[in-house]
There are 2 protein chains.
Amino acid sequence: MNLEEVARRAKVSTATVSRVLNEVGQVKTSTRARVLKAAQELKYHPNLHARNLAGGKNRTIGMIVSNMENPFFVDIYKAAEREARAKGYELLLANTDYNPEYLVNHIRMMIGRRVSGLALVISEMDSSLIQELSDGNIPVVFYDVGTPKHNISNIAVNYAKGIERIVNYLHALGHRRMAFISHHPNLGPLSVREHAFRETVVRISPPIKWQIAVSADGLEGGREATREIFASGFDPTAIICVNDFMALGVLHELRQAGISVPGDVSVTGFDNVQLASVCSPSLTTVHVERERIGHLMFQSLTEASPVAEACRRKIVLDPEFVVRESTGPARKRIAFAELRPA
Amino acid sequence: MNLEEVARRAKVSTATVSRVLNEVGQVKTSTRARVLKAAQELKYHPNLHARNLAGGKNRTIGMIVSNMENPFFVDIYKAAEREARAKGYELLLANTDYNPEYLVNHIRMMIGRRVSGLALVISEMDSSLIQELSDGNIPVVFYDVGTPKHNISNIAVNYAKGIERIVNYLHALGHRRMAFISHHPNLGPLSVREHAFRETVVRISPPIKWQIAVSADGLEGGREATREIFASGFDPTAIICVNDFMALGVLHELRQAGISVPGDVSVTGFDNVQLASVCSPSLTTVHVERERIGHLMFQSLTEASPVAEACRRKIVLDPEFVVRESTGPARKRIAFAELRPA
DNA sequence: GATTGCCGCGTAAGCGCTTACTATCGGGCA
DNA sequence: TGCCCGATAGTAAGCGCTTACGCGGCAATC
């Protein structure tokens with residue numbers, strides 16, 4: 001069933017049916033009614049592919065994220081979706097699981113669908129891909145990676161600042177042995193945080209002992225990284241996590257090991273996802289405005305002002321430090337061995 | 001840039017370019033190389049709309065879920081996505097936030113895109129919509145709602161059984177005052193659980209006192225429902241939640257109120273999302289095989305056996321009871337007023 | 001009563017692809 | 001030598017829709 005059948009049934013031309021369905025042009029009320037009736041009776045659903053092909057336009061924007069299991073990404077997605085819905089756009093979502101190969105496929109797919117904008121909330125971006133995108137002419141907005149170009153905007157969070165706040169805070173509480181838990185350390189935005197950690201820690205005197213552990217993004221990854229730190233013999237008084245999601249795993253592992261938080265070890269997260277305030281103990285973390293990020297990403301893709309568009313920009317959000325229950329004064333020097341049940 | 005430009009540059013016809021790009025038909029190696037080179041140089045990306053229009057086929061399936069914030073849905077999505085990827089399919093996701101209006105729009109959109117199958121993991125389905133879908137001819141699979149038809153499959157979990165297990169277990173532990181926390185009580189699959197709760201509770205003797213509280217699906221909803229129960233004056237020794245996600249909120253609210261779990265109140269969830277084992281105290285819950293659900297949904301949409309397709313079926317999964325830390329013997333009769341800090 | 005202008009609608013040309021169907025060219029074979 | 005067939009590649013007809021263009025008719029204008 002296509003436009004033509006509807007037209008035949010309503011005894012008009014396909015052009016008229018199209019006009020009615022798209023609410024453009026002048027159509028007599030009675031004709032409109034006939035068309036609508038015919039469409040309804042035939043259970044007609046316009047073929048969006050044909051529509052896109054013919055119309056050329058496309059109120060669709062694509063969003064690619066790294067890990068839909070992490071609530072951080074879900075929040076950004078939902079914010080963008082809400083915005084898209086309000087503005088009459090469609091939001092296409094794809095998930096890469098941090099796999100660069102999937103990412104390439106998804107980008108190709110989005111381009112193939114001729115989205116009118118592409119929001120990339122990912123870390124696994126290599127420069128050749130960025131190049132390929134900046135050669136194209138569809139508006140792109142990155143979160144956390146890349147640099148502005150004629151068709152590329154950037155939104156970033158000042159991670160260095162956030163990490164610095166955390167480290168300084170812990171230092172002030174007397175912590176001198178810190179572990180940093182991360183995932184995918186060689187991906188750009190994540191290495192930024194690691195560097196920030198290293199630098200801050202090194203800059204402080206008296207010097208802080210530190211160690212870095214890496215695992216997968218997620219609850220299980222947080223747990224594993226924690227075990228790794230224990231196993232290495234390093235006994236931190238504070239564990240700084242690259243995000244809340246991993247921190248939740250850390251909390252769990254510590255609890256299972258009989259290590260109290262923050263009594264024995266302080267733990268921090270990053271992002272301030274809703275779970276961070278709901279878990280036990282609640283997480284000291286850094287708030288990242290996901291709502292605003294989703295909003296800004298959508299904006300920068302659809303804002304129609306060609307002047308402002310001409311010079312693409314980079315927006316950097318300042319994070320806000322949030323102190324909760326998972327951090328406290330450093331314990332006196334006691335080895336982990338004594339803390340942990342045999 | 002389109003097929004024609006590539007063809008011109010490679011000095012062949014569009015048909016040949018198409019053949020090369022789709023790897024069908026016979027093309028001389030040297031020609032193929034020329035075409036590939038031209039496509040690369042022009043940064044050609046095939047227009048998927050045109051491709052779909054012309055080809056008629058469509059390795060795309062759509063999935064609509066109620067609430068992407070709830071990890072339960074994310075897990076199903078990821079399972080289906082993995083499967084789709086392996087089979088060379090595209091998975092289109094849409095989120096309704098339990099809003100029937102959004103649902104209708106998303107369904108129309110999926111049909112408009114001519115997906116080759118539609119997976120609906122939603123509760124807010126009214127019968128007229130089901131009717132509309134069963135009139136159509138695209139394969140549809142529901143989770144938790146609807147009945148099998150020629151083009152409709154169903155996958156469900158025996159919620160009643162799960163709830164019954166929970167109630168019986170709590171009863172055996174001495175609980176005689178139970179609260180049931182739910183969301184969207186008049187949506188089909190959710191009311192099923194509520195009924196199961198009611199029936200089980202009523203069937204048991206000596207009789208159990210019970211109450212039902214309703215709020216939004218989510219952490220905040222769980223908290224609010226808990227407050228509501230408190231405020232009503234009912235003092236349950238156990239709180240049964242319709243899913244883990246809400247239970248996490250309940251746990252948080254109880255902790256804040258200074259009520260210990262399971263010492264003062266036992267709490268149960270449903271679904272066994274990963275967080276249920278990671279939170280503190282870990283949740284007694286009922287395991288629902290999300291992995292398998294995602295898998296089955298995909299299967300039932302793409303399985304090519306026309307014989308098996310002829311008679312659509314309903315698959316019911318039996319849930320498995322998982323006991324963890326959030327449940328314990330009922331406390332002796334002490335009013336909440338005494339438990340809670342003034 | 002002829003002219004103007006606008007409303008309402010049909011005609012038809014694409015949008016970028018896929019895919020019959022056809023045409024060409026050698027080579028193998030009788 | 002003549003013929004047939006397979007390997008290649010081109011031609012062109014759609015897929016279902018939008019939209020520029022144009023035409024008839026009717027009210028308003030002079």
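The values are calculated or read from the model by the stated rules, or taken from the named source; none is laboratory data. Here the structure is a predicted model, which is why all the values come from computation and not from measurement. Using ideal geometry, Cβ is built from the backbone for each residue, glycine included, and neighbour counts are taken over all protein chains shown.
This table checks each residue for (1) more than 7 Å from DNA strand D (Cβ to nearest atom); (2) at pLDDT below 95.
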{"position": "B:E4", "(1), (2)": "yes, yes"}
{"position": "B:E23", "(1), (2)": "yes, yes"}
{"position": "B:V27", "(1), (2)": "no, yes"}
{"position": "B:T31", "(1), (2)": "no, yes"}
{"position": "B:A38", "(1), (2)": "yes, yes"}
{"position": "B:K43", "(1), (2)": "yes, yes"}
{"position": "B:N47", "(1), (2)": "yes, no"}
{"position": "B:R51", "(1), (2)": "yes, no"}
{"position": "B:G55", "(1), (2)": "yes, yes"}
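Output the residue which, of all residues in the stretch A:9-19 that are part of a loop (DSSP other than H, G, I, E, B) and either touching a Lys or Arg at 6+ places or on another chain (Cβ under 8 Å) or of a type in the set (D, E) (or both), is surrounded by the most Cβ atoms within 10 Å (Cβ to Cβ). First the steps, then the outcome.
Just the residues of the stretch A:9-19 that are part of a loop (DSSP other than H, G, I, E, B), to begin with: A:11-13.
Narrowing the set further to residues that are either touching a Lys or Arg at 6+ places or on another chain (Cβ under 8 Å) or of a type in the set (D, E) (or both) leaves A:11-12.
Values: A:K11: 11, A:V12: 19.
Filtering first and then ranking leaves A:V12.
Would you pick out the residues in the stretch B:6-21 that are more than 10 Å from DNA strand D (Cβ to nearest atom) and more than 20 Å from B:N52 (Cβ to Cβ)?
Taking the stretch B:6-21 as the starting set, the residues that turn out to be more than 10 Å from DNA strand D (Cβ to nearest atom) are B:6, B:8-9, B:21.
Of everything in the stretch B:6-21, those that are more than 10 Å from DNA strand D (Cβ to nearest atom) and more than 20 Å from B:N52 (Cβ to Cβ) turn out to be B:R8, B:R9.
Note down all Cβ pairs under 7 Å where the first residue falls in the stretch A:43-54 and is under 10 Å from B:L53 (Cβ atoms), the second is of a type in the set (A, V, I, L, M, F, W, C) and within 6 Å of DNA strand D (Cβ to nearest atom), and they're at least six residues apart or on different chains.
A:H49/B:L53; A:A50/B:L53; A:L53/B:L53
Only one of these is within 16 Å of DNA strand D (Cβ to nearest atom), in contact with a strand residue (DSSP E or B) (Cβ under 8 Å, 6 or more places away or on another chain) and of a type outside the set (A, V, I, L, M, F, W, C): A:S116, A:S66. Name it.
Details: A:S66 fails: within 16 Å of DNA strand D (Cβ to nearest atom).
Among A:S116, A:S66, only A:S116 is within 16 Å of DNA strand D (Cβ to nearest atom), in contact with a strand residue (DSSP E or B) (Cβ under 8 Å, 6 or more places away or on another chain) and of a type outside the set (A, V, I, L, M, F, W, C).
Could you grab me the full set of residues in the stretch B:228-245 that are crowded, with 16+ Cβ neighbours inside 10 Å and part of a helix (DSSP H, G or I)?
B:E228, B:I229, B:F230, B:D244, B:F245
Of B:V65, B:V74, B:V17, which residue is of a type outside the set (D, E, K, R) and within 13 Å of DNA strand C (Cβ to nearest atom)? Give the steps one after another, and end with the answer.
On the way: B:V65 fails: within 13 Å of DNA strand C (Cβ to nearest atom); B:V74 fails: within 13 Å of DNA strand C (Cβ to nearest atom).
Being of a type outside the set (D, E, K, R) and within 13 Å of DNA strand C (Cβ to nearest atom) holds for just one of B:V65, B:V74, B:V17, which is B:V17.
Has the stretch A:39-47 got any residue that is more than 29 Å from the chain's Cα centre (by Cα) and either within 12 Å of DNA strand C (Cβ to nearest atom) or within 25 Å of A:F142 (Cα to Cα) (or both)?
There is at least one residue in the stretch A:39-47 that is more than 29 Å from the chain's Cα centre (by Cα) and either within 12 Å of DNA strand C (Cβ to nearest atom) or within 25 Å of A:F142 (Cα to Cα) (or both).
Identify the residue in the stretch B:238-253 that is touching a strand residue (DSSP E or B) at 6+ places or on another chain (Cβ under 7 Å) and within 13 Å of chain A (Cβ to nearest Cβ) and, among all such residues, is nearest to B:E320 (Cα to Cα).
Step one: filter the stretch B:238-253 for residues touching a strand residue (DSSP E or B) at 6+ places or on another chain (Cβ under 7 Å), giving B:238-244, B:246-247, B:250-251.
Still in the running and within 13 Å of chain A (Cβ to nearest Cβ): B:244, B:246-247, B:250-251.
Values: B:D244: 14, B:M246: 19, B:A247: 18, B:V250: 22, B:L251: 22 Å.
Taking the candidates together, the pick is B:D244.
Would you list the strands (runs of 3 or more DSSP E) that sit entirely within the stretch B:20-135 and hold 2 or more residues that are at the interface with another protein chain (Cβ under 10 Å from one of its Cβ atoms)? Spell out the reasoning first.
On the way: elements: B:60-65, B:90-95, B:117-121.
Ranges flagged: B:90-95.
Go through (1) within 16 Å of DNA strand C (Cβ to nearest atom); (2) part of a loop (DSSP other than H, G, I, E, B) for B:V6 and report which single condition fails.
(2)
For the stretch A:189-237, what are the residues that are touching a strand residue (DSSP E or B) at 6+ places or on another chain (Cβ under 7 Å) and of a type in the set (D, E)?
A:E194, A:D217, A:E224, A:E228, A:D235
Can you work out which of the residues in the stretch A:265-314 that are within 14 Å of chain B (Cβ to nearest Cβ) and more than 24 Å from A:K78 (Cβ to Cβ) is modelled with the lowest pLDDT? Even if it seems obvious, please write down each step before you answer.
Residues of the stretch A:265-314 within 14 Å of chain B (Cβ to nearest Cβ): A:267, A:269, A:272-283, A:290-291, A:294.
Narrowing further to those that are more than 24 Å from A:K78 (Cβ to Cβ): A:267, A:280-281.
Working: A:V267: 98, A:S280: 91, A:P281: 94.
That would be A:S280.
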